[in-house]
Amino acid sequence: KAGVTQTPRYLIKTRGQQVTLSCSPISGHRSVSWYQQTPGQGLQFLFEYFSETQRNKGNFPGRFSGRQFSNSRSEMNVSTLELGDSALYLCASSIGTLNTGELFFGEGSRLTVL
Amino acid sequence: AQSVTQLGSHVSVSEGALVLLRCNYSSSVPPYLFWYVQYPNQGLQLLLKYTSAATLVKGINGFEAEFKKSETSFHLTKPSAHMSDAAEYFCAVSEGSDTNAGKSTFGDGTTLTVKP
């Protein structure tokens with residue numbers, strides 16, 4: 001069974017640009033969550049999607065957005081990039097119902113903002 | 001609200017020695033608890049999970065953890081450290097409900113160094 005796939009793995013952007021990251025969950029998983037990981041703030045929850053609907057949202061500004069498609073693939077977008085957005089963005093999938101909280105993570109997309 | 005505290009951001013042990021990584025949690029509902037491991041430039045991998053069954057949980061690579069409700073703790077142990085155990089370890093708590101699916105709260109992580 002293929003794991004969670006995130007693309008791109010690495011990317012460099014400049015301040016003010018926008019970026020779109022993609023995540024393909026494990027087959028059969030309907031929930032996709034996004035986390036931001038930085039040395040200073042650790043792992044912080046961005047949002048979670050289930051059946052194309054945002055079900056939970058963390059405390060991030062509106063520049064951070066996401067969506068989920070009918071095949072459960074998800075994208076997140078960050079607009080008007082700031083230096084502080086440099087981070088490892090992790091996607092995690094789970095079954096989404098009868099949930100035990102177990103998450104299956106991708107390898108992440110490392111974003112550097114210059 | 002939930003929170004996780006990992007005591008000790010860095011732990012160093014000798015190869016073959018006991019590994020003990022500490023985790024205390026706070027949760028307003030019966031928690032689901034997890035330990036994840038992260039190797040450099042990789043995502044997180046589940047080591048083990050507690051979901052209200054046995055309080056002593058065994059995971060992969062010889063790790064285990066014990067849920068102690070009275071102490072609100074979920075410490076991770078391994079009897080004998082191996083060089084390949086060097087990584088960052090995260091304790092996490094989740095409500096486990098569908099409405100909060102995918103929303104785990106993570107500790108700050110503990111970097112484990114294993115000396116030869």
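Only the coordinates and a few stated rules stand behind these numbers; no lab work does. Source: prediction; values computed, not measured. We place every Cβ from the backbone using ideal geometry, glycine too, and count neighbours over all the protein chains shown.
Of note:
- Each 5 Å bin, from zero up to the one with the longest distance, holds this percent of the alpha carbon pairs of the stretch B:1-79: 3, 13, 25, 26, 20, 9, 3, 0.
- What the Cα atoms of chain A give is an Rg and a Dmax of 13.3, 42 Å.
- With a 10 Å cut-off around each Cβ of A:59-66, the average count of Cβ atoms from other chains is 0.
- 10 Å Cβ neighbours from other chains, averaged over peptide B:43-50: 5
- Legend: mean number of C-beta atoms from other chains within 10 angstrom of residue C-beta atoms, peptide A:36-49, equals 3.
- Across A:S94, A:S79, A:S22, mean-square fluctuation computed from a Gaussian network of chain A (C-alpha pairs under 10 Å connected) peaks at A:S79.
- GNM result for chain A, Cα springs below 10 Å: residue of A:E52, A:E82, A:E102 fluctuating most strongly: A:E102
- Along principal axes, Cα extents of the protein assembly as shown, largest first, whole Å: 48, 39, 34
- Contact order relative to length of chain A, as percent, for alpha carbon pairs under 8 angstrom and 6 or more apart: 36 percent
- Among the cysteines of the protein assembly as shown, all have a neighbouring cysteine Cβ under 4.7 Å.
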